[in-house]
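Take a look at the structure set out below.
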Amino acid sequence: MIDYQNILNQINQKVTKDKNKGKIASYIPELATVDLNSFGIHLQLVSGEQFAVGDAHKSFSIQSISKVLSLAYAMSIIGTDLWKRLDVEPSGNPFNHLSLLELEEGIPRNPFINSGAIVIADILVSNLENPKSDFLNYIRDITGDNTIDYNYKVAQSEKETGFNNYAAANLLKSFNNLNNDVEVVLDFYFHQCALQMSCAQLSKAFHLFANKGKCLANKARLTKSQAKRINAIMLTCGFYDEAGEFAFEVGLPGKSGVGGGIVALLPNEFVISVWSPGLNERGNSKLGMKALEQFTTLANQSIF
Ligand code: GLN
């Protein structure tokens, strides 16, 4: 039996000693208001047990981690039709890179770069009656937690400064790969990214990817095959131009966000969420990456 609590305690002690904690994202002004010293880990085993350390129950802006959840929701609604408008190749480029979109004739390389996530947002806007509240209800349903909400200040802050995302959405529109109004799609996208969740809530939300498509309450929300495919995309595209490094150092499918959160999972075994808001040069949580590297090393767990 692995002593997970002891491992999390060790990581907390060791990793938080690091003086260079990275830099908080400031291009979305509202994100820059968090404490650089925040640090938490939550581990949710598929068998039901949970372990936590530090700020595991403090909520933060999940940002791009939400792209996995919007992809799951869109896939559960329209299935494989989704792949007519998106590819599944790693980009090797930052999350806000635009030229890829041009090269691929308006087909974003994958659903986790911003242009790809904006296409997913467009699909949800087309298929949901009340996109923002339906998406929120979906997140509450798979997590089993009705307290989860958007941070409206963060959404507004990103709307005011999201020039890059406006450019991406307009480019998609020029290639006929956006069916709704740019404003409407981006309003949805900025709210989706502004979901406010804790490590504990994220581990619960991602349970369905570790449990063959069944959410925490054991209800099927994805097919087995859909869950498997989303895990493959997390492994290859979850960390932008650092996906190779994450697979190399950590060895799990996962997804990061500029709010400093990372969620990773081992199918059939566990979901682990980490939060440390300081980012490295590639926009991924600096200590979060370190903590997960330590976790898979100490627990001797990896998909490889
Ligand atoms: N909302 C952010 C953006 O679109 C998400 C980026 C991220 O977390 N990598 O710029």
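None of the figures in this text is laboratory data; all of them are computed from the coordinates on show. The structure displayed is predicted, hence computed values, not measured ones. Neighbour counts are summed over all protein chains in view; Cβ atoms, including those assigned to glycine, are modelled from backbone coordinates with ideal geometry.
Just to confirm a number: summing +1 for Lys and Arg and -1 for Asp and Glu over residues other than G144 whose beta-carbon lies under 14 angstrom from that of G144, what do you get? Kindly include the intermediate steps, with their values, before the conclusion.
Details: positive: R140, K204, K214, K219, R221; negative: D141, D145.
Taking every other residue near G144 into account, the sum is +3.
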Expected vector for the range 274-288, Karplus 3J(HN,Hα) from phi with 6.51, -1.76, 1.60 and θ = phi - 60°, integer Hz, x for Gly and Pro, equals 10, 9, 8, x, x, 9, 8, 4, 9, x, 10, 4, 5, 6, x
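Please state the charge dipole magnitude for the range 159-304, taken about the Cα centre, from unit charges on C-beta atoms (+1 on K and R, -1 on D and E), reported in debye and rounded to the nearest 20.
Dipole magnitude for the range 159-304 comes out near 720 debye.
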Three principal axis lengths of the range 92-240 [C-alpha, angstrom, descending]: 42, 32, 27
Just name one of L287, V119, S157: the one whose Cα is farthest towards the positive end of the charge dipole of the chain (beta-carbon charges, Lys/Arg +1, Asp/Glu -1). L287
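Starting from the Cα-Cα distance between K132 and N179, subtract it from 0.36 nm times their residue separation and give me the gain in nm to one decimal.
Numbers: separation 47, 0.36 × 47 = 16.92 nm, distance 1.72 nm.
Value of the extension gain: 15.2 nm.
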Order of D145, D81 from fewest to most other C-beta atoms within 10 Å? D81, D145
How large is the Kirkwood hydrodynamic radius of the range 4-298, in angstrom, based on all distinct alpha carbon pairs? 18.7
Any idea what angle helix 152-161 forms with the longest principal axis of the chain, computed on alpha-carbon atoms, 0 to 90 degrees, nearest 10? 60
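Distance cut-off 26 Å, Cα to Cα: go down the list K58/K132; K224/K286; K159/K224 and report the pairs above it. List each step's numbers first, then the result.
Values: K58/K132 23 Å; K224/K286 32 Å; K159/K224 36 Å.
Distance filter (> 26 Å) returns K224/K286; K159/K224.
Placing +1 at every Lys and Arg Cβ and -1 at every Asp and Glu Cβ, with all other atoms neutral, what dipole size does the chain have around its Cα centre, in debye to the nearest 20?
Numbers: 27 positive and 30 negative charges, 132 e Å.
Approximately 640 debye in magnitude.
Based solely on its DSSP helices, what 222 nm [θ] is calculated for the chain when runs of n ≥ 4 H residues each add -39,500 (n - 2.57) and the sum is averaged over all residues, nearest 500 deg cm²/dmol? Spell out each step's value before the answer.
Working: 13 runs with 136 residues, N = 304.
After summing the helix terms and dividing by the residues of the chain, the value is -13500 deg cm²/dmol.
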Output the Cα-based Rg and Dmax of the range 1-70 in Å, rounding Rg to one decimal and Dmax to a whole number. 14.6, 45
Which value in nm describes the separation of the simple spin-label points at I78 and T16, placed 7 Å from the Cα toward the beta carbon? 4.4
Among the aspartates and glutamates, select those whose C-alpha is under 15 Å from the C-alpha of K153, and discard any that sit fewer than 8 residues away in the same chain. E30, D187
Once both axes come from the Cα atoms, what is the angle between helix 131-143 and the longest principal axis of the chain, in degrees from 0 to 90, rounded to 10? 20
Magnitude of the charge dipole, the range 84-156, Cβ model with Lys/Arg +1 and Asp/Glu -1, debye to 20: 140
Return one number: the angle in degrees, 0 to 90 and rounded to the nearest 10, between the long axis of the Cα atoms of helix 163-174 and the longest principal axis of the Cα atoms of the chain. 50
